[in-house]
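The values are calculated or read from the model by the stated rules, or taken from the named source; none is laboratory data. Please read all numbers here as calculations on a predicted model, not as lab measurements. As a convention, Cβ positions derive from the backbone with ideal geometry for all residues, glycine included, and neighbour counts pool all protein chains shown.
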Amino acid sequence: MVSATPIVYVVDDDPQLCESLSLMLRSVGIEPRTFHSAEAFLDGCRDVPGVPRCLVLDVRMPGLSGLGLQQTLAAQGRNMPIIMVSGCADIPMAVQAMSQGAVDFLEKPFSRGALLSRVQDAIDRDARNQRQSTRRSEVADRIDTLSSRQREVLNLLVAGKHSKQIASELSIGEKTVAKHRAGVLQKMRVDSVVELVRLMVEAGA
């Protein structure tokens, strides 16, 4: 379960803003980590497993822009909620940021309440994503223990097929289906087909 102190990465070329946001975030129990350029963030940011986090990112900066950093992170498969901020935002810029996955876009100057509300929403989203990712990994590991026939039975059970239908589709006897069904439930660590379906849905499998 994700329970560590949340981290908010702040990437902005304005040192005063970085300091102000750091004080604000610490006041509500969030750990801030500030960077004054996108390049510094890429060089110095290391993912901390199991910690919910988000990125507050300035759109316009010398060197690599905020949008450029957003694209770089996506290409690297480093997914975290991004809140874009800008003092000179326009609609096309906001649309581009949101279409590339940013969860919000704030124009400077923004209020303390507005930022903290969006940061909390982003952290909550990341915590949910991490929990689901962990669940998916656990379920995938369990599926890997199944034989090829058990996987076939699993897929048909989740599809809502009864033993007789499964036996017909796989050209095997119902007693054999029952044996494979029991093996599937045991290896997937559930007590019923209903629990099996719920597990697969929760894991997005």
Considering segment 45-60 alone, what residues qualify as being buried (at least 16 other Cβ atoms within 10 Å of the Cβ) and within 18 Å of residue 107 (Cα to Cα)?
54, 55, 56, 57, 58, 59
Show the residue pairs meeting these rules: Cβ distance below 9 Å; 6+ apart or different chains; first residue within segment 91-104 and within 19 Å of residue 121 (Cβ to Cβ) and in the same structural domain as residue 69 (by TED's automatic domain parsing); second residue polar (S, T, N, Q) and assigned to a loop (DSSP other than H, G, I, E, B).
101/79
Would you pick out the residues in segment 129-167 that are closer than 18 Å to residue 194 by Cα and of a type in the set (Ser, Thr, Tyr)?
163
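The rows are residues; the columns are (1) modelled with pLDDT of 95 or more; (2) under 15 Å from residue 69 (Cα atoms); (3) of a type in the set (Val, Ile, Thr).
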site	(1), (2), (3)
1	no, no, no
6	yes, no, no
19	yes, no, no
23	yes, no, no
26	yes, no, no
32	yes, no, no
41	yes, yes, no
51	no, no, yes
55	yes, yes, no
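State whether the residues of segment 57-67 include one that is part of a helix (DSSP H, G or I), modelled with pLDDT of 95 or more, more than 18 Å from residue 116 (Cβ to Cβ) and not β-branched (Val, Ile, Thr).
Checked segment 57-67: no residue is part of a helix (DSSP H, G or I), modelled with pLDDT of 95 or more, more than 18 Å from residue 116 (Cβ to Cβ) and not β-branched (Val, Ile, Thr).
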Would you tally the residues in segment 132-145 being of a type outside the set (Val, Ile, Thr) and surrounded by 15 or more Cβ atoms within 10 Å (Cβ to Cβ)?
2
So residue 204 fits all but one of (1) under 30 Å from residue 51 (Cβ atoms); (2) assigned to a helix (DSSP H, G or I); what number is the exception?
(2)
Subset of segment 180-201, residues in a helix (DSSP H, G or I) and surrounded by 15 or more Cβ atoms within 10 Å (Cβ to Cβ), comes to 180, 181, 183, 184, 185, 187, 188, 193, 196, 197, 199, 200
When residues of segment 18-44 are filtered for being within 20 Å of residue 125 (Cα to Cα) and buried (at least 17 other Cβ atoms within 10 Å of the Cβ), how many remain?
4
When both residues are 6+ apart or on different chains and their Cβ atoms are under 7 Å apart, which pairs have a first residue that lies in segment 49-73 and is in contact (Cβ under 8 Å) with a residue 40 or more places away in the chain, and a second that is of a type in the set (Val, Ile, Thr) and part of a loop (DSSP other than H, G, I, E, B)?
50/2; 52/2; 66/59
Near pairs, Cβ below 9 angstrom, 6+ apart or cross-chain, from segment 169-197 (at positive phi) to any residue that is in a helix (DSSP H, G or I) and surrounded by 14 or more Cβ atoms within 10 Å (Cβ to Cβ):
189/142; 189/199
The condition from (1) part of a strand (DSSP E or B); (2) under 29 Å from residue 134 (Cβ atoms) that residue 4 misses is numbered (1)
